Amino acid sequence: MRVRTWPVVGVVFAILWVFVRGLPLAPVSIVRGLLAGLLVGLPVAFVFRRLYSKDLDLGRVMRALPYAGLYLGAFTWELLRANVDVAYRVLSPGMPIEPEVILVPLRVESDIAITVIANSITITPGTVTLDYDDETNALYVHGVNGRDPEAIAEPIRTWENYALELFNEAASPSDPPPDIVVSGGERDSTTDRQEEGVDDD
């Protein structure tokens, strides 16, 4: 079932308005908040209707909602885990931080899916998206846990599996993800100095 996009966006604005206002849970307050949100949200959505597609497939949206919930759940869990991990590394006397940059090839191809994953990486403590390589469809990701690059890529792959379904991508979660590329390889800085004949004296 296809409908105009801007009325749907207006309704979403109205719902967001209710949450932002922090209204009491009384039915009258919620209804008033929704009506106020619609009075503002619908005209705004109409004025900016050129910014999004003309029609919306409601069936597709309903099918995508469970994957949106799964993505949000996986992201929230990783956010909590990463906060604890980074706090441990900062407070640990040895400061076990071994930064590394890895190249993570993606299976998602749409701009919105790539942006969502890139922003999720940056928001998560301990990792940040540095750049996007258009030719290889890959993200350069900096992580503090360079000792285990696969641990950096694991949550990204989980998010991508849900994003493939959420954004109706051509690839499937069952498709094997491309291998990551570690920028520093397996080299040790002390070994490199010895091989190059660098004398500290």
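For the chain, with only Lys/Arg (+1) and Asp/Glu (-1) charged at the beta-carbon, what is the dipole magnitude about the Cα centre, in debye rounded to 20?
It comes to approximately 2380 debye.
Which of 115, 158 comes first, and how do the rest follow, when ranked by fewest Cβ neighbours within 10 Å?
115, 158
Given the Cα-Cα distance of residue 57 and residue 36 and 0.36 nm per residue of separation, how much length would full extension add, in nm?
Extending this stretch completely gives an extra 4.9 nm.
Got a sec? How would 46, 19, 167 order by Cβ neighbour count within 10 Å, fewest to most?
If I rank by nearby Cβ atoms, fewest first, I get 19, 46, 167.
State the Cα centre-to-centre distance between region 71-95 and region 149-175 in whole Å.
The distance from the Cα centre of region 71-95 to that of region 149-175 comes to 21 Å.
Quick one: dipole size for region 1-115, taken about the Cα centre, charges +1 on Lys/Arg Cβ and -1 on Asp/Glu Cβ, in debye to the nearest 20.
The calculated dipole for region 1-115 is roughly 700 debye.
Toward the positive end of the charge dipole of region 59-189, about the Cα centre and with charges on Cβ (Lys, Arg +1; Asp, Glu -1), which of 144, 101, 64 goes farthest?
64
Values in this text are rule-based calculations from the coordinates and carry no lab data. Note that this is a predicted model, so its numbers are computed, not measured. Backbone-built Cβ (ideal geometry, glycine too); neighbour counts: all protein chains shown.
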